[in-house]
Amino acid sequence: METDAVLTLLKDVAAEVINPRFRALASAEISHKGPGDLVTVADREAEVLLTDALEAAYPGAVVLGEEATAADASVLERYQAAEHAFTVDPVDGTKNFVAGSPDHAVMVAELRGGDVVRSWIWQPQHEVSFVAERGAGAWRNGEPLVRPPLRDAVRGVTSRRTWIGRALGTLRALDLTWVCCGVDYPQLVEGGADYALYAGTKPWDHAPGSLLLSETGGHVGTFGGAAYRPQEPEPRGLIAAADPATYDLVQGLVPSLPGVSSSA
């Protein structure tokens with residue numbers, strides 16, 4: 001499928017099964033996969049539609065969907081061994097979606113040989129798309145993306161609640177992210193923050209944004225200093241930074257956070 005065709009797929013799926021449920025979910029359409037981990041009928045239906053379309057277009061590829069993996073852990077093993085794979089996050093930011101916040105997204109990433117080669121983020125309520133191709137650049141609604149200069153006071157955000165308000169060295173205290181990687185990574189690219197810290201490192205959350213960030217001069221790496229590879233076993237923490245220098249700075253300071261060791 002051409003890059004634009006995959007983006008159209010995301011938009012069509014959102015229009016069909018996600019947007020009609022926005023601020024209109026019945027209680028029976030919301031359930032818990034685990035403590036604090038919500039899933040809705042929109043998540044399940046969107047993932048099926050996206051997965052079916054990708055598998056039809058690429059019969060030899062492994063499609064790693066968030067909800068399918070929750071039901072069958074062996075999908076993750078096949079994905080990690082695959083030469084050609086996709087990650088699918090049908091409704092990234094499900095808590096936001098359930099709460100009626102427009103800060104949610106549909107995300108897909110394509111991997112070949114372990115590298116993310118294309119990625120798509122569609123924010124249906126904001127009607128904004130972010131697309132990236134390895135070595136070719138990144139685009140917002142079809143316009144080339146260029147990251148603005150970093151601010152004088154580096155701003156960091158985190159989705160880990162116990163880290164909010166803590167400062168790394170002399171950097172300003174950490175703020176809360178937008179609680180949706182499909183919004184967080186675009187914010188890093190557009191200057192809303194300069195780095196983000198994550199304890200959760202699921203590939204469907206981070207593979208799409210990692211390419212978007214790298215194609216605009218940023219860097220995603222582990223707390224231990226390794227570059228992020230979405231098909232490798234999930235690291236114990238990730239730093240997404242607007243540029244490599246910020247990553248290096250934060251990576252040297254992150255062991256001071258509670259629950260993080262120097263070997264993480």
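The values are calculated or read from the model by the stated rules, or taken from the named source; none is laboratory data. On a predicted model such as this, the values are computed, not experimentally measured, just so you know. Here the Cβ positions follow ideal geometry from the backbone for every residue, glycine too, while neighbour counts run over all protein chains shown.
Of note:
- Checking Gly221, Gly225 one by one, the residue that is at positive phi and modelled with pLDDT of 95 or more is Gly225 and no other.
- Residues that are farther than 17 Å from Tyr247 by Cα and either in contact (Cβ under 8 Å) with a residue 60 or more places away in the chain or in contact with a Leu (Cβ under 7 Å, 6 or more places away or on another chain) (or both), drawn from region 187-206: Lys202, Pro203, Trp204, Asp205
- Ala138 in the same structural domain as Leu7 (by TED's automatic domain parsing) and among the aliphatic types (A, V, I, L, M): yes
- Within the option set Val88, Val106, Val98, being over 16 Å from the mean Cα position of the chain (by Cα), surrounded by 15 or more Cβ atoms within 10 Å (Cβ to Cβ) and outside any loop (DSSP other than H, G, I, E, B) holds for one residue only, Val98.
- Total residues in region 38-68, condition free of Cβ contacts under 8 Å to residues at least 12 places away in the same chain and within 20 Å of the chain's Cα centre (by Cα): 1
- Highlighted here are the helices (runs of 4 or more DSSP H) found entirely within region 35-82 that include at least 1 residues which are more than 24 Å from Ala14 (Cα to Cα): 74-81.
- Selection of region 132-181 for residues being among the hydroxyl-bearing types (Ser, Thr, Tyr), crowded, with 18+ Cβ neighbours inside 10 Å and under 18 Å from Asp248 (Cα atoms) yields only Thr158.
- Residues satisfying the stated conditions in region 117-131, i.e. touching a Lys or Arg at 6+ places or on another chain (Cβ under 7 Å) and either in the same structural domain as Asp175 (by TED's automatic domain parsing) or aliphatic (A, V, I, L, M) (or both): Val117, Val128
- The single condition from (1) free of Cβ contacts under 8 Å to residues at least 40 places away in the same chain; (2) over 23 Å from Arg161 (Cβ atoms); (3) surrounded by fewer than 21 Cβ atoms within 10 Å (Cβ to Cβ) that Val260 fails is (2).
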